[in-house]
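**Q** Could you have a look at this structure, given as structure tokens, before my questions?
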Amino acid sequence: MIVVVPAYNEETTIRKVVERIWDVVGCPVVVVDDGSSDRTAQEALIGGAMVVSHGKRLGAWTAIQTGLLFARHHRIAPIVTLDGDGQHEIEDISVLYDTYRRTGAQVVIGSCPERASKLRKIAWRFLRTLTGLSVQDLTSGFRLYGPKAVEILTSKEALLLDYQDVGVLLMLANKGIPIVEVPVRMYERPKQSGHSRVFNNWGAVIRYMMHSSVYGVSKRCFGNNSKKEVSQ
Amino acid sequence: MSYRITSMVIGLFIAVTIIFLVRKDYIHVRHTIWWLVVAACSAIVGFFPETVDLVARWFGVNYPPTFFFSVGFAAMLIKILRMDIEFSRQEREIKRLTQRLAILEKRDRAPEDS
């Protein structure tokens, strides 16, 4: 197993996240530095991560994909992705991993729909209806991908996606990859760093909803595609 | 008469410009075929304006200038769409190259670890 952490200007939190992963899980960590202008790469190295740096900012999803590409290149699977701002509970990596081992699902989403604001919940429900996806937590960055999912997500088609949510999930669902959700803990992001890349201002919200809607309609999938795990 | 000359001049001007751009390495040959066809059509309409009337009648259009502009407009839309497709392809290529480079330049030793 390998943990992929996409990071853009996360110098205040990234080292702690990497060290926690070493302490709790003890598996290799790749930090994908998405063209940060601060000391994110250095801090991650000090924490003990391998660091892969984009020369230019390419967006959160492309950073994750670089991590997947890296793992695939070195034939390491499965892959856990989580955010560099410390909002995900490192101990819950084992929850994702156990679910993967038990169910064999190629995608396990660490899900925490309770964290969403009222507005975000409405947006999610709208996108669920539009896309036919039955995943509860559409935007969670805390996920586990098995080798088959990685193969699909490292394809060139997946390079045109912008966010690790609707587009990625639809691509997997349309290829018949089963998606499983397990409840995990999530924390508030620290106020100054790690701002939400999507829901931070109205222009971005509208653009995001428009992109996701067009994508959702054009790639809509039919049938049940998500199982909710209630255990743990 | 002047309509003929204008169209002829435009057609020839486009053709000459394109050949000049290829000669100076400003444009890939792949992208020039389209513009040369446009230049040829423009020149043909200039030399033989009655072709528009003839083709319009084939398609059942009574007022030839409408037909002329519709075809021109559609042709432009197709060209612009193709440009967006090409941009998307290039964006993918650039992203993949940046990813490959990042992986090749991987760092894994912190200064204090080594």
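Taken together, the values in this text are just the output of simple stated rules run on the coordinates, not laboratory data. Values in this document were obtained by computation on a predicted structure and should not be read as measured data. Cβ sites come from the backbone with ideal geometry, for glycine too, and all protein chains shown count toward neighbours.
**Q** What is the ratio of the Cα radius of gyration of segment B:56-114 to 2.2 N^0.38 Å, with N the residue count, to two decimals?
**A** 2.46
**Q** Right, something else. Taking the Cβ of residue A:171 as the centre, find all other residues whose Cβ is under 15 Å away and add up their charges (Lys, Arg: +1; Asp, Glu: -1).
**A** +3
**Q** Then there is this: What spacing in nm lies between the two simple spin-label points modelled at residue B:28 and residue A:37, each 7 Å away from Cα in the Cβ direction?
**A** 3.2
**Q** Same structure, new question: List, in order, the whole-Hz ³J(HN,Hα) value for each residue of segment B:66-75 obtained from phi through the Karplus relation with A = 6.51, B = -1.76, C = 1.60 and θ = phi - 60°; use x for Gly and Pro.
**A** The phi angles translate into 4, 4, 4, 5, 4, 4, x, 5, 4, 4 Hz.
**Q** Run lengths n ≥ 4 of DSSP H only: what is the helix-derived mean residue ellipticity at 222 nm for chain A, with -39500 (n - 2.57) per run over all residues, to the nearest 500?
**A** Calculated at 222 nm, the ellipticity per residue is -12000 deg cm²/dmol.
**Q** Same structure again: Say each of residue A:114 and residue A:214 gets a label point 7 Å from the Cα, pointing the same way as Cα to Cβ; how far apart are those two points in nm?
**A** About 3.8 nm separates the two model spin labels.
**Q** Counting Lys and Arg as +1 and Asp and Glu as -1, each charge on the Cβ, what is the dipole of chain B about the Cα centre in debye, to the nearest 20?
**A** It works out to roughly 160 debye.
**Q** While we're here: Go ahead and collect, in residue order, the members of segment B:32-46 whose backbone nitrogen is under 17 Å from a label point 7 Å along the Cα-Cβ direction of residue B:10.
**A** Counting only backbone N, you get B:35-46.
**Q** Hey, any idea what the orientation-averaged projected area of the convex hull of segment A:96-158's Cα atoms comes to, in nm²?
**A** 5.1
**Q** Using a ≥ b ≥ c from the Cα gyration tensor of segment A:1-70 (square roots of the eigenvalues), is it rounded, prolate or oblate, where a/c under 1.5 gives rounded and otherwise the larger of a/b and b/c decides, a/b for prolate?
**A** Here segment A:1-70 falls in the oblate category.
**Q** State the extension gain, in nm to one decimal, for the chain segment bounded by residue B:87 and residue B:3, taking 0.36 nm per residue of separation less the distance between their alpha-carbons.
**A** Values: separation 84, 0.36 × 84 = 30.24 nm, distance 3.64 nm.
26.6 nm is the gain from fully extending residue B:87 to residue B:3.
**Q** So, one more: Provide, for q = 0.08, 0.10, 0.15 Å⁻¹, the log10 of I(q)/I(0) from a solvent-free Debye sum over equal Cα point scatterers in chain A.
**A** The Cα Debye sum returns log10 ratios of -0.26, -0.41, -1.00.
**Q** Just need the Rg to Rh number for segment A:77-201, please, alpha carbons only, Kirkwood Rh.
**A** Values: Rg = 14.2 Å, Rh = 15.1 Å.
Expressed as Rg/Rh, it is 0.94.
**Q** If I model a spin label as a point 7 Å beyond the Cα along the Cα-Cβ vector, how far apart are those points for residue A:101 and residue B:94 in nm?
**A** It is 4.4 nm.
**Q** Still on this structure, please answer the following. More than 20 Å apart: what percent of Cα pairs in chain B qualify?
**A** Beyond 20 Å sits 62 percent of the P(r) for chain B.
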